[in-house]
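Comments concern the structure below.
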Amino acid sequence: MAQVFMNYIGGDRVSCRSKQTFPDINPARTSEVIGEFQASAREDVEQACDAAVKAQPSWSAMPAPRRGEFLFKAAELLESRLEQISREMTREEGKTLPEARGEVKRAINIFRYFGGEGARSFSYQIPSERENVFCYTLRKPLGVVGLITPWNFPIAIPAWKMAPALVAGNTVVIKPASLAPLCAYRLAEAMHEVGIAPGVLNLVTGSGGCAGNALAEHPGIKAISFTGSCEVGNALYEKLARRKVRVQLEMGGKNPTIVLKDSDLEYAADVLVNGAFFSTGQKCTACSRAIIEKEIYDPLVEILIDKTRALKVGDGLDAGVQIGPAIDEKQLETDMKYIEIAKGEGAKLLTGGRRLAGGIYDQGYFVEPTIFGSVTPGMRIANEEVFGPVLGLMAANDFDEAMRLANSVRFGLSASIVTRDVTRIHQFANGIEAGLITVNLPTAGVEYQLPFGGTKESSFGMREQGPQALDFYTETRTVYLKYTQ
Ligand code: NAP
């Protein structure tokens, strides 16, 4: 019998009122249930929000450096459990163990970084036009914030929302993704063990349509930070805007890598393979479009196909495996559906394209890393997010055409260019419609100390991570103080 994990509400581990649970399943071995989680309903979410409302005044009254100390201590605890949590992540999400270790380490770094923000400048002082008047700003927490997170970065995303929210003096209710809730549970557990006061952090598991929706509708919530699909994010925005609840949406992408003709082709192929296929293409920042100058199209494609065919797909816990499974049957079906759509639209299947079968593959949701050539701008495979290991290749006559193609989609999350041409690099950085811009690097791979977020349909609201993360979780007050009468 799998372990049953409780909600964490008001400092206690509690079951949901209905006592119903749902399973957290290993996508590489679908007979393995990692744990049973609470199938929470509106009443459970209300209980968590009420606990957060109650805890907020004393938490926000605590000096910010002391709030930060909880994050430092939790980081220590998480570090001592790095291997355990990494293995759990691989089992619940499917990414490879080295990728999972990197993500857990990132969550630890995020906790340390925002722990330090407690003792750094939260506000500023500005000279007044008037004599003997001293002007400064104060940052105030918003109150209770709701966090709704996806499965693909099951510890980093909860950490990068939770840590700035807490250090700024807010109390939190988090609803993690149902497909990978254990990692977020481990964060809450660490905060509990380092003595965070009851109600400051609350975790409620359950379906988005029920628990997530109830969180967004709770009148005590002052802000929602959401990462996930455009469909859910846009619906949340419509609902929240009516009540003027502050909202931050991080959503999908159709991220391009432009490769110019001066590039080292081996290097460019590595950038593409990494960006398109690592983490099974299930990163919001994954590269799904390669736009290649026509002079190097054929030789680059040849190298790219060889490198892609050499990738080892399997259970992420097994040594040497580079690509894990799709997260669940639905995502696997989406991958296969888009492969069929691309074929039907006339894109040329260059490698991959099949669900893997036989041996371990029969136990999970494994798809071959797939490349399509001859992709044209009107095709759905060039415009819609697949969220799987599927890369479309497009040839461009020159840099200007490559830029037009890159910017021709509704998304604008990340984008990269591979070139040594310094003029083109600057033109790219200035002209590309993306929030995360990389040069001679894959489209994916962000660091916690810099702002993160996209443009166009990919994102809405303020940036996450880095110093700007605190903007979302605080409200600025302005003080004019005359020190004479
Ligand atoms: P999703 O289906 O939108 O789910 C995201 C979260 O929203 C989950 O916790 C989900 O709960 C919850 N949810 C679902 N319906 C809801 C509703 N009606 N009200 C409130 N909450 C609701 O997305 P996903 O499949 O987990 O993640 C994949 C997507 O996330 C991709 O589009 C990817 O590009 C995007 N993503 C973006 C970023 C970024 O920073 N831009 C980062 C990572 C992922 P359940 O799990 O219970 O359904």
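The values are calculated or read from the model by the stated rules, or taken from the named source; none is laboratory data. Model, not experiment: these values are computed from the prediction. Glycine gets a Cβ as well: all are built from the backbone with ideal geometry, and neighbour counts include every protein chain shown. Ligands, DNA and RNA are excluded from the accessible area calculation, which covers all protein heavy atoms including side chains. Shrake-Rupley method; radii C 1.70, N 1.55, O 1.52, S 1.80 Å.
For region 193-226, enumerate the residues that are open to solvent by 10 Å² or more (accessible area, probe 1.4 Å), closer than 25 Å to residue 33 by Cα and in contact (Cβ under 8 Å) with a residue 12 or more places away in the chain.
207, 208, 210
Within region 128-139, is even one residue assigned to a helix (DSSP H, G or I) and charged (D, E, K, R)?
No, that holds for no residue.
Does region 309-325 include one or more residues that are under 21 Å from residue 274 (Cα atoms), open to solvent by 20 Å² or more (accessible area, probe 1.4 Å) and polar (S, T, N, Q)?
Yes, because at least one residue in region 309-325 is under 21 Å from residue 274 (Cα atoms), open to solvent by 20 Å² or more (accessible area, probe 1.4 Å) and polar (S, T, N, Q).
Here are 190, 241: which of them is out of contact with any helix residue (DSSP H, G or I) (no Cβ under 6 Å at 6 or more places or on another chain) and either within 15 Å of the ligand (Cβ to nearest atom) or not in a loop (DSSP other than H, G, I, E, B) (or both)?
241
Of the numbered conditions (1) surrounded by 21 or more Cβ atoms within 10 Å (Cβ to Cβ); (2) near the ligand (Cβ under 7 Å from one of its atoms), residue 229 fails exactly one; give the number of that condition.
Of the numbered conditions (1) surrounded by 21 or more Cβ atoms within 10 Å (Cβ to Cβ); (2) near the ligand (Cβ under 7 Å from one of its atoms), the odd one out for residue 229 is (1).
From 203, 215, 179, grab the single residue that is within 14 Å of residue 144 (Cα to Cα) and near the ligand (Cβ under 9 Å from one of its atoms).
Just a single option satisfies the conditions, and that option is 215.
Is it true that residue 285 is near the ligand (Cβ under 8 Å from one of its atoms) and either of a type in the set (Phe, Trp, Tyr) or not in a helix (DSSP H, G or I) (or both)?
Spelling it out, residue 285 is indeed near the ligand (Cβ under 8 Å from one of its atoms) and either of a type in the set (Phe, Trp, Tyr) or not in a helix (DSSP H, G or I) (or both).
Filter region 42-84 down to the residues that are touching a helix residue (DSSP H, G or I) at 6+ places or on another chain (Cβ under 6 Å) and either farther than 16 Å from residue 110 by Cα or assigned by TED's automatic domain parsing to the domain that holds residue 320 (or both), then identify the one that is most open to solvent (accessible area, probe 1.4 Å).
42
Scan region 296-321 residue by residue and report those that are more than 20 Å from the chain's Cα centre (by Cα) and part of a loop (DSSP other than H, G, I, E, B).
Hits for region 296-321 are 310, 311, 312, 314, 315, 317, 318, 319, 320, 321.
Here's the yes/no breakdown for (1) among the basic types (Lys, Arg); (2) at pLDDT 95 or above; (3) surrounded by fewer than 23 Cβ atoms within 10 Å (Cβ to Cβ); (4) closer than 26 Å to residue 307 by Cβ:
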position	(1), (2), (3), (4)
368	no, yes, yes, yes
371	no, yes, no, yes
406	no, yes, no, yes
420	yes, yes, yes, yes
425	no, yes, yes, yes
431	no, yes, yes, no
434	no, yes, no, yes
455	no, yes, yes, no
460	no, yes, yes, no
